[in-house]
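A.B. asks: Here it is, the structure in full.
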Amino acid sequence: MSESYCQLVRSGGLHPVHPPYHDLEYGFPLQHDHELFERLVLEINQAGLSWETILKKRDGFRAAYAGFSLERVATFDKDDFERLMQYSSIIRNRLKI
């Protein structure tokens, strides 16, 4: 039987990016729209990749997507898309951006 995410975090068997996420966010309800938007962006980008990869790039996503401000991202245009395609701190996949 394989270990659960919680067991792996507690055992120290995962990268150090996991414990803060696990202890402060994993399974907790989201309270604000920007938190939901952040989770959606991260989950979309995680498809086909490890959650660890996404957590390591989280600060890059936060910077690229204006702190996950819905109001600001809603105004992004073609130039912003091209900027994101060149931004190496995120997953640069045309379908995910």
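No value in this document is a laboratory result; all are computed from the given coordinates. Predicted, not measured: the structure shown is a model, and the values here were computed from it. Every residue, glycine among them, receives a Cβ derived from its backbone with ideal geometry; neighbour counts consider all protein chains shown.
A.B. asks: Taking a quarter of the surface of the convex hull around the Cα atoms of region 22-63, what do you get in nm²?
C.D. replies: Orientation-averaged projected area of the Cα hull: 3.1 nm².
A.B. asks: Follow-up question, since we're still on this one. Summing -39500 (n - 2.57) over the DSSP H runs of n ≥ 4 in the chain and dividing by its residue number, what mean residue ellipticity at 222 nm do you reach, to the nearest 500 deg cm²/dmol?
C.D. replies: So the calculated ellipticity at 222 nm is -14500 deg cm²/dmol.
A.B. asks: At 0.36 nm per residue, and after removing the present C-alpha to C-alpha distance, how many nm does the segment from HIS15 to GLU71 gain when stretched out fully?
C.D. replies: Stretched out fully, the HIS15 to GLU71 stretch lengthens by 16.8 nm.
A.B. asks: Taking a cut-off of 23 Å, what percent of all Cα-Cα pairs in the chain are separated by more than that?
C.D. replies: 30 percent
A.B. asks: Another one. Select from GLY12, ASN93, GLY27 the residue farthest towards the positive end of the dipole of the chain; place +1 on Cβ of Lys and Arg, -1 on Cβ of Asp and Glu, and compute about the Cα centre.
C.D. replies: The residue sitting farthest along the positive end of the dipole is ASN93.
A.B. asks: Assign unit charges at the C-beta atoms only (+1 for Lys and Arg, -1 for Asp and Glu), then state the dipole size of the chain relative to its Cα centre in Debye, rounded to the nearest 20.
C.D. replies: Charge dipole, the chain, about its Cα centre: 320 debye, nearest 20.
A.B. asks: For the pair HIS22 and MET85, how long in nm is the line joining their label points, each one 7 Å along Cα→Cβ?
C.D. replies: 3.9 nm
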